[in-house]
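The values are calculated or read from the model by the stated rules, or taken from the named source; none is laboratory data. Here the structure is a predicted model, which means the values were calculated and not measured. Every residue, glycine as well, gets a Cβ built from its backbone with ideal geometry; the counts of neighbours run over all protein chains shown. SASA here: full protein model, heavy atoms, side chains in, ligands and nucleic acids out. Shrake-Rupley method; radii C 1.70, N 1.55, O 1.52, S 1.80 Å.
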Amino acid sequence: MSQPSVRDLHMAKPGEEFRIKDVDPAEVRLPVGKREGKDALKTDRQELVRLQEILYAEGKQAVLIVLQAMDTGGKDGVIRHVVAGVNPQGCIVTPFKVPTPEELAHDYLWRVHKAVPPRRMIGIFNRSHYEDVLVVRVHNLVPKAVWSKRYDQIAAFEKHLAENGVTILKFFLHISKEEQKERLEERLHDPNKQWKFSVGDLKERELWDDYMAAYQDMVNLTSTKWAPWYVIPANRNWYRNLAVGRILLETLREFNMQYPAPKDDLSGIVIPD
Ligand code: AMP
Ligand code: MG
């Protein structure tokens, strides 16, 4: 399979206008079909596991993966399929829920900064500080004068992280409204999936257009050189997983990492019987 840069294929280029309507959620931008794509993901994963081991051993930098999507958009799926096989000791997954009273008493980035992975780790945010310009905006949980300042604040926060050893990869998993309907129906009718169904999701679905406007602004206002957004067509799970995995892989490859030199002079050492 030829290897176009998947980052180039999906990056919302900083400074260029992004229109959500231009992305077809069912699109496949790599020259592969489902079968081939699934095989490619497996091969990629082997390399990912190897690179993560060096990231951990070297201990020089951190990777932060931010996952945002509408309900059923596939955040959990990405965590399960892309990160599968990676040494759990080198990963931290942090889900961001409705803020607790303690979290609400602080500025909105307080809980986020605490969860940023330390060097040597891959951190995954299942939702993130972007909820503070998505659900918060759509539901008017704070006045516009407050949330509208957050885009610049977030960009500055991420710049600070990027300049301090954290590589940030932000993924907006984009599904269509029709696809969400099918997925919600599946959750509703499959006894093994009902635990994931929440009646509140239907209320969010009613606000679909408001969310799309909020996502579009989010991408336009916070896709930066130091932390660009990748907008991933996510109707097809296999393609979503392949694309996210590839982007992570391309990023890790560029680190040109090395196992650290041994702490001691090992020449001539013999392990005694
Ligand atoms: P889930 O990820 O499906 O378990 O749901 C978590 C819920 O928490 C979602 O409905 C989010 O919109 C909500 N949530 C996350 N962060 C915030 C926030 N900062 N303010 C309000 N709601 C939030
Ligand atoms: Mg949910």
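Given the pairs LYS60/LYS263; LYS38/LYS177; LYS38/LYS225; LYS75/LYS170; LYS13/LYS225; LYS75/LYS177, which are separated by over 19 angstrom at their Cα positions?
Working: LYS60/LYS263 16 Å; LYS38/LYS177 25 Å; LYS38/LYS225 31 Å; LYS75/LYS170 12 Å; LYS13/LYS225 8 Å; LYS75/LYS177 16 Å.
Pairs exceeding the cut-off: LYS38/LYS177; LYS38/LYS225.
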Which angle between 0 and 90 degrees, to the nearest 10, do you get for helix 237-254 versus the longest principal axis of the chain when only C-alpha atoms count? 40 degrees
Run the dipole for the chain about the Cα centre, Lys and Arg Cβ at +1, Asp and Glu Cβ at -1, nothing else charged, and hand back the magnitude in debye, nearest 20. 100 debye
At 222 nm, what helix-only mean residue ellipticity would the chain give, in deg cm²/dmol to the nearest 500, using -39500 (n - 2.57) for each DSSP H run of four or more? -13000 deg cm²/dmol
What lysines does LYS181 reach when the alpha-carbon gap must be under 16 Å and sequence neighbours fewer than 8 apart in one chain are set aside? LYS193, LYS196, LYS203
How far is it, in nm, from the label point at TRP208 to the one at VAL270 when both lie 7 Å from their Cα along the line to the Cβ? 7.4 nm
Round to a whole angstrom and tell me the spacing of the C-alpha centers of the range 12-43 and the range 44-92. 19 Å
In Å, what Kirkwood hydrodynamic radius results for the range 1-146 from the alpha-carbon pair distances? 17.9 Å
Whole-percent carbon and sulfur share, accessible surface of the chain, 1.4 Å: 52 percent
Mean-square fluctuation check for the chain, GNM, Cα pairs under 10 Å: which of ASN235, ASN192, ASN256 is largest? ASN192
Mind telling me which of TRP208, TRP110, TRP229 comes out most flexible in a GNM of the chain, alpha-carbon contacts under 10 Å? TRP110
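So how many Å³ per residue does the convex hull of the Cα atoms of the range 6-254 work out to?
Working: hull volume 33.4 nm³, N = 249.
Considering the Cα atoms of the range 6-254, their hull volume per residue is 134 Å³.
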Using protein chains only and a probe of 1.4 angstrom, how many square angstrom of LYS13 are accessible, to the nearest 10? 70 Å²
Once the dipole of the chain is set up from charges on Cβ (+1 Lys and Arg, -1 Asp and Glu), the residue from the list ALA261, ASN235, LEU30 lying farthest towards its positive end is ASN235
For the range 175-209 and the range 100-151, compute the distance between their C-alpha centroids and round to whole Å. 24 Å
Output the relative contact order of the chain, whole-number percent, from Cα pairs under 8 angstrom with separation of 6+ residues. 35 percent
